[in-house]
1. Please work out how much length the chain gains when fully extended from Ala323 to Ser188, using 0.36 nm per residue of separation minus the C-alpha to C-alpha distance, in nm with one decimal.
2. Rg/Rh for the stretch 52-122: what does it come to with C-alpha atoms and Rh from Kirkwood?
3. Counting only other residues whose beta carbon sits under 9 Å from that of Pro365, what net charge do I get with K and R as +1, D and E as -1?
4. Quick check on the exposure proxy: order Phe96, Phe53, Phe254 from fewest to most C-beta atoms within 10 angstrom.
5. Are there GluC sites (Glu not before Pro) in the stretch 210-272 that DSSP puts in a loop and that have at most 15 other Cβ atoms within 10 Å, and which ones?
6. Any idea how far apart Lys79 and Val28 come out in nm if each label point goes 7 Å out from Cα toward Cβ?
7. Which shape class, rounded, prolate or oblate, goes with the stretch 158-289 when its Cα gyration tensor gives a ≥ b ≥ c as root eigenvalues, a/c under 1.5 marks rounded, and past that a/b bigger than b/c marks prolate?
8. Can you give me the Kirkwood hydrodynamic radius for the stretch 1-103, using every pair of distinct Cα atoms, in Å to one decimal?
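Nothing in this text is a laboratory measurement; each read-out follows from the coordinates by a stated rule. Please read all numbers here as calculations on a predicted model, not as lab measurements. Every residue, glycine among them, receives a Cβ derived from its backbone with ideal geometry; neighbour counts consider all protein chains shown.
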Amino acid sequence: MAHAYIPGLKVVEQTIVEKTRRLPLKGVVNVAVGQPVKADDVVAETNLPGNIFPLNVANLMNVEPADLPELMLKKIGQKIVKNELIAETKGLFGFFKQKANSPIDGTIESVSTVTGQVIFREAPIPVQVHAYVDGIVSEIIPDEGVVIRTNASYIQGIFGIGGETRGEIKVLTPDADTILDEKLIDSSCKGKIIVGGSFLTLAGFKKAIQMEAKGIVVGGFNYKDIKDIVGYDIGVAITGQEDVATTLIVTEGFGEVHMAHQTFKLLKSLEGQIASINGATQIRAGVIRPEVIIPRAKQDLEQVIVKEIAGLDVGTSVRVIRAPYFGLLGQVTDLPYALQKLESGSMARVAKVKIEEIEREVLLPRANLEMIETR
């Protein structure tokens, strides 16, 4: 029988999840291997260099650049505050002095005797990396970060916007087929990760933001409505940096697509528990999927059996990740061994998939499919 491997989306009740938490540049790691951590714990921190601000002080005081060092009242590396006097000429009989003041709070980084320019640098910007999930430190990346290992329920979505956040799971719809609209969202959603069924309306998303919900997990959303939320057109290739107060995770696709019943059932069973979510999505090389992680109360890492991902086979549940069937669910009915000619004229290995929503079989490139991995 034909057999192939393709990436899979995970919806698992219990598994081992490892999250790498890394600083943008070298700094200090605050934890040790084997140490239990909470999601809000700072596991590593550093300081980003402040912005630089150049000012031609020689021109400002009408002096030669070579004379500038003698006129400086503040030295390189010395801290300064905005509008503080940093340089001054001797003047004439103590009068008519030319002066220069600091344009920022920070330090003096350099003084040029060639250009007469003084480089100021603002105060360092502190950066802290939090654990993101409850778990145990399994590895230290020297001077950069850590790897957190946790026993958790784990759900991947197909698309998301917004970054990392966490909150208590609150299911708002009775089933996976019900639309999540503004009528179901109220002040009780504040600080929560709210869960809906088949579709989130634009009015519902705006109401969730107004009610200060931390995140939304739902089956489908209208792609065109994203611009109304973030203020600009967004591609599906890389997301996660959007300035939105409420992170959105779409589990199935664009349009009205009911959430997979197993996904909804799992989220419903975990209602009231704290979830860490991230809407970051990257479809290109180095695939990143939006995720929902619900750590187990007991971090018994040794008792979890991690099942290896099986290959694509007849009967495998899949989701289509390219147009024209983007986001639709189906089941593999055949895996032809021979290469097939596509509409583009290229040759590729394909799979015959029965799409649930349109109730018919279509022939699709295997690269356009993702397995829905459950266990």
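1. Additional length available on full extension: 44.8 nm.
2. Working: Rg = 11.3 Å, Rh = 11.9 Å.
Result: Rg/Rh = 0.95.
3. Details: positive: Arg322, Arg349, Arg366; negative: none.
That works out to +3.
4. Phe96, Phe53, Phe254
5. Glu212, Glu271
6. 1.6
7. Working: a/c = 1.37, a/b = 1.27, b/c = 1.08.
Taking the square roots of the gyration eigenvalues as a ≥ b ≥ c, the stretch 158-289 is rounded.
8. Working: mean 1/r = 0.0496 Å⁻¹.
Result for the stretch 1-103 stands at 20.2 Å.
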